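The values are calculated or read from the model by the stated rules, or taken from the named source; none is laboratory data. All of these numbers come straight from a predicted model, not from anything done at the bench. Using ideal geometry, Cβ is built from the backbone for each residue, glycine included, and neighbour counts are taken over all protein chains shown. To get the accessible areas, we keep the full protein, side chains included, count just its heavy atoms, and leave off ligands, DNA and RNA. Shrake-Rupley method; radii C 1.70, N 1.55, O 1.52, S 1.80 Å.
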Amino acid sequence: MSRTERTQVGIVGAGPAGLVLAHLLHLQGIDSVVLEARGREYVEGRIRAGVLEHGTVELLDEMGVAGRLREQGLPHHGFELQFGGARHRIDLSGLTGRHITVYGQQEVVRDLIAARLATGRPLVFEAEDVSLHELESESPRVRYRHRGAEVELVCDVVAGCDGHHGTCRDSIPDGVLSVFARDYPFGWLGILAEVAPSSEELIYCWSERGFALHSMRTPRLTRLYLQCAHDEEIEAWPDDRIWEELHARLDLDGWTLGEGPIVEKGVTGMRSFVVEPMQHGRLFLAGDAAHIVPPTGAKGLNLAVADVRVLAAALGAWYREGDTAPLAAYSETALRRVWRAEHFSWWMTTMLHRPPGGDVFDAKLQLSQLAYVASSRAAATSLAENYVGFEPDPA
Ligand code: APR
Ligand code: PHB
């Protein structure tokens, strides 16, 4: 069985990028089809990052999808940098007038899926063998299989929102994209534990044993990370060893980390990666499909949302007024913010992680930088304005 369907924007991937784009288009009366390789349960259950920039929350609010986020999200007006046996608060609100909100990415995705389904517009889960065709023509096509049927979706444009391991980026002919990447010689071991957070705020901790991060999801769920080897085997980390190492890095005189049952654990590698340009013909890449950052700056989700905000506005101008300029400038506009976030994420990562084989000179430089950030209002403001989300000049 095969059939042909038609839409204005074919969106591949139902992560934050694809779902926010779909809703922003809907609000402008633009039709789209979202194709997602996985099932709804899998997408809604996948545990990812949890820090939303000020601008991300504002956008979700304007889109009318922030009801639960406003109720359950945890506003954070600062965070702690820990090194040399002490904590130093970075006062985000005091330094920038803005704050961040802790709310799991999968909760954002759940809210966006509900909003999409409520519009009655198509969101296809378990779309198999998605492939892109005729990207350089005026009617690019997305082919996929669903419940045994072969479907050809004829579009005006295609949005590649299918993450770092998706298929859209690879559909661009060889020689078009430049790739800029850096792999880090370490990863993060992350856990989710059923215990109240031991600190009201996030703690980014430098330690001679390696970086650790205390974060949270809800008043009863703590999220914790440890720097580990980039290819660390999770089997080598029974729960007791994880707690022991977390205590060794995070505990201070008079403060100890609370423990609880570990309900999730996993290892992620750390990579910086950008392709340029983020568009080819009628295909526009957004989010992790075009770039990734190491998680230290908490930028991944926010960048994905920032990309599609630019893309949705550009598509709106094109459909409404026939103005092609914003769409032609999409990549250039998005990349300004992407590179700012790439630098910030690299900088936070380099300042806080012990490189394998790192010597005392490395450590002294890191500690000097941390002390500078903790004691200079100018340095702290620079960190804070990037952390809450820096908006580069529009042109
Ligand atoms: N066809 C259809 N869907 C696909 C395909 C494919 N070939 N390949 C991947 N997908 C889906 C994935 O299953 C996923 O649901 O695309 C979606 C991409 O979503 P994300 O990986 O969440 O990427 P993005 O929306 O760009 O959001 C970036 O996610 O990885 C985190 O830290 C990252 O916070 C950042 C955010
Ligand atoms: C998280 O809570 O998952 C988290 C918080 C801050 C980061 C990265 C991840 O920098």
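Kirkwood radius, the chain, all distinct C-alpha pairs, inverse of mean reciprocal distance: 21.9 Å. Ordering ILE191, ALA149, GLY73 by the projection of their Cα atoms onto the charge dipole of the chain, which places +1 on the Cβ of Lys and Arg and -1 on the Cβ of Asp and Glu, puts GLY73 at the extreme positive end. Protein heavy-atom accessible surface, 1.4 Å probe, per residue over the stretch 175-229: 39 Å². If R0 is 22 Å, the Cβ-Cβ spacing of GLU138 and VAL179 corresponds to a FRET efficiency of close to 0.20.
So if we plug the beta-carbon distance of THR218 and ALA114 into 1/(1 + (r/R0)^6) with R0 = 22 Å, what FRET efficiency do we get, rounded to 0.05?
Values: r = 19 Å, r/R0 = 0.86.
Step by step, r from the Cβ atoms, then E = 0.70.
Shape of the stretch 309-375 from its Cα gyration tensor (a ≥ b ≥ c, root eigenvalues): rounded if a/c is under 1.5, otherwise prolate when a/b > b/c, or oblate? In terms of gyration-tensor shape, prolate. Under the shape rule built on the C-alpha gyration tensor, where the axes satisfy a ≥ b ≥ c, the stretch 162-298 is prolate, since a/c reaches at least 1.5 and a/b is greater than b/c. In the complete set of protein chains, residue-level accessible area for GLU134 is approximately 100 Å², probe 1.4 angstrom.
Taking ALA341, ALA181, ALA286 in turn, the Gaussian network model of the chain (Cα-Cα springs below 10 Å) assigns the largest fluctuation to ALA181. Computed with every protein chain present, the accessible area of ASP183 is close to 100 Å² [probe 1.4 Å].
Summing Lys, Arg as +1 and Asp, Glu as -1, what charge do residues with Cβ under 11 Å from the Cβ of ARG87 carry, ARG87 excluded?
Numbers: positive: ARG89; negative: GLU80, GLU201.
Counting the neighbours of ARG87, the net charge comes to -1.
Surface composition of the stretch 1-98: carbon plus sulfur atoms hold 47% of the accessible area, using a 1.4 angstrom probe and ignoring ligands, DNA and RNA. The slack in the chain from ILE47 to TRP339, taken as 0.36 nm per residue of separation less the alpha-carbon distance, amounts to 102.6 nm.
Neighbours of GLY281, meaning other residues whose beta-carbon lies under 13 angstrom from its beta-carbon, give a summed charge of -2 when Lys and Arg score +1 and Asp and Glu score -1. Please say if the stretch 109-195 is rounded, prolate or oblate, where rounded means a/c under 1.5 for a ≥ b ≥ c the square roots of the C-alpha gyration tensor eigenvalues, and otherwise the choice is prolate for a/b larger than b/c and oblate otherwise? Judged from the Cα gyration tensor, the stretch 109-195 comes out oblate (a/c at least 1.5, b/c at or above a/b). Summarising the label geometry, the points placed 7 Å from Cα in the beta-carbon direction at ASP253 and ASP362 lie 3.0 nm from one another.
Which value in Å does the Kirkwood hydrodynamic radius of the stretch 204-363 take, with 1/r averaged over all unlike C-alpha pairs and then inverted?
Details: mean 1/r = 0.0544 Å⁻¹.
Computed over Cα pairs of the stretch 204-363, the Kirkwood hydrodynamic radius comes out at 18.4 Å.
Of the residues ASP111, ASP323, ASP359, ranked by 1.4 Å probe accessible area with the largest first, the sequence reads ASP359, ASP323, ASP111. Volume of the convex hull of the stretch 52-140 (Cα atoms only), normalised per residue: 221 Å³.
Say R0 is 25 Å: what FRET efficiency, to the nearest 0.05, do VAL263 and ARG70 get from their beta-carbon distance?
Values: r = 26 Å, r/R0 = 1.02.
Given R0 = 25 Å and the Cβ-Cβ separation, E is 0.45.
If you average the sequence gap of Cα pairs under 8 Å that are 6 or more apart and divide by the length of the chain, what percent do you get for the contact order? Mind showing how you got there, number by number?
Values: 805 pairs, mean separation 79.7, N = 395.
It rounds to 20 percent for the chain.
Can you give me the Rg/Rh ratio for the stretch 203-264, using Cα atoms for both radii and the Kirkwood formula for Rh? All intermediate terms of the calculation are to be shown ahead of the outcome.
Values: Rg = 11.7 Å, Rh = 12.5 Å.
Here the Rg-to-Rh quotient is 0.94.
Each part gets one Cα centre, and for the stretch 13-50 versus the stretch 222-255 those centres are 33 Å apart.
Which percent of the accessible heavy-atom area of the stretch 107-251 goes to carbon and sulfur, probe 1.4 angstrom?
For the stretch 107-251, the apolar C and S fraction of the accessible surface comes to 44 percent.
Using a probe of 1.4 angstrom and keeping all protein chains present, the accessible surface of the stretch 247-395 works out to 42 square angstrom per residue.
Using heavy-atom solvent-accessible surface (probe 1.4 Å) with all chains present, what is the largest-first order of PHE180, PHE211? Mind showing how you got there, number by number?
Values: PHE180 85, PHE211 0 Å².
The ordering from most to least exposed comes out as PHE180, PHE211.
Ignoring ligands, DNA and RNA, what percent of the 1.4 Å accessible area of the stretch 349-395 is carbon and sulfur? Result for the stretch 349-395: 59 percent of the exposed heavy-atom area is carbon or sulfur. With Cα atoms defining each centre, the stretch 178-198 and the stretch 302-348 are spaced 26 Å apart in the structure.
Pairs of alpha-carbon atoms within less than 8 angstrom and 6+ residues apart define the contacts here; what relative contact order does the stretch 48-132 have, in percent? Write down the numbers at each step before the final one.
Numbers: 82 pairs, mean separation 29.2, N = 85.
Relative contact order, the stretch 48-132: 34 percent.
Think of the chain as having a plus end and a minus end, set by charges on the Cβ of Lys, Arg, Asp and Glu; of ALA248, TRP346, VAL179, TRP346 sits farthest toward the positive end of this dipole. Between MET1 and ASP61, the distance separating the two model label sites (each 7 Å from Cα on the Cα→Cβ line) works out to 4.6 nm. The helix-only estimate of mean residue ellipticity at 222 nm for the chain, built from DSSP H runs of length n ≥ 4 each weighted as -39500 (n - 2.57), is -11000 deg cm²/dmol after division by the residue total.
For the stretch 312-380, a crude dipole built from +1 on the beta carbon of Lys and Arg and -1 on the beta carbon of Asp and Glu, taken about the Cα centre, is about 240 debye to the nearest 20.
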